[in-house]
Amino acid sequence: YDEDLGRLSRDNLKDAMFVAHFYPDSPVPYVHDFDTHYTETFGRAPGVFAAQAYDAANLVLVQLAKGRERRDGVRRGVLATQGYPGVSGVISMGPDGNAHKRPYLLGIERGRIVQYDD
């Protein structure tokens with residue numbers, strides 16, 4: 001993902017679709033809020049690793065808010081996560097302990113990158 005892609009591609013990528021792990025220009029309100037606060041705090045736009053770290057911290061915080069204070073309870077709660085609306089995509093944990101995410105579906109319209117799946 002590069003915001004200059006649409007401008008540089010001209011007609012070569014007309015009707016092209018692609019995916020990204022994070023799309024800071026998403027119209028989704030909580031993604032927009034994350035992007036705004038991160039940029040105000042750090043003076044630059046967040047990247048995919050910042051978004052993933054934010055989501056990982058929030059997954060743990062959700063468990064703590066549910067009263068799970070011990071390590072095993074937090075771990076079980078995180079592993080049971082399904083359909084969590086993270087800024088880096090919708091997160092579901094697999095039985096293997098890996099996060100499975102639906103990436104952002106993007107395309108190019110009128111020389112600009114747009115999100116198709118908000």
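The values are calculated or read from the model by the stated rules, or taken from the named source; none is laboratory data. Since this is a predicted model, take the numbers as computed values, not measurements. Glycine also receives a Cβ, built like all others from the backbone with ideal geometry; neighbour counts cover every protein chain displayed. Each accessible area value is taken on the protein alone, full model and side chains, heavy atoms only, with ligands, DNA and RNA left out. Shrake-Rupley method; radii C 1.70, N 1.55, O 1.52, S 1.80 Å.
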**Message:** So, in the range 87-105, exactly how many residues are touching an Asp or Glu at 6+ places or on another chain (Cβ under 7 Å) and in a loop (DSSP other than H, G, I, E, B)?
**Reply:** 2
**Prompt:** So which residues in the range 50-64 are over 26 Å from residue 24 (Cβ atoms) and surrounded by fewer than 17 Cβ atoms within 10 Å (Cβ to Cβ)?
**Reply:** 64
**Item:** Selection from the range 106-118 of residues that are in a strand (DSSP E or B) and either among the small types (Gly, Ala, Ser) or open to solvent by 20 Å² or more (accessible area, probe 1.4 Å) (or both)
**Value:** 107, 109, 112, 114, 115
**Request:** Considering each of 43, 73, 67 in turn, give the residue that is surrounded by 11 or more Cβ atoms within 10 Å (Cβ to Cβ) and more than 15 Å from residue 99 (Cβ to Cβ).
**Result:** 73
**Asked** Among (1) within 17 Å of the chain's Cα centre (by Cα); (2) surrounded by 12 or more Cβ atoms within 10 Å (Cβ to Cβ), which single condition is residue 79 missing?
**Response** (1)
**Prompt:** How about the range 1-40: which of its residues are open to solvent by 90 Å² or more (accessible area, probe 1.4 Å), among the acidic types (Asp, Glu) and modelled with pLDDT under 85?
**Reply:** 3, 11, 15
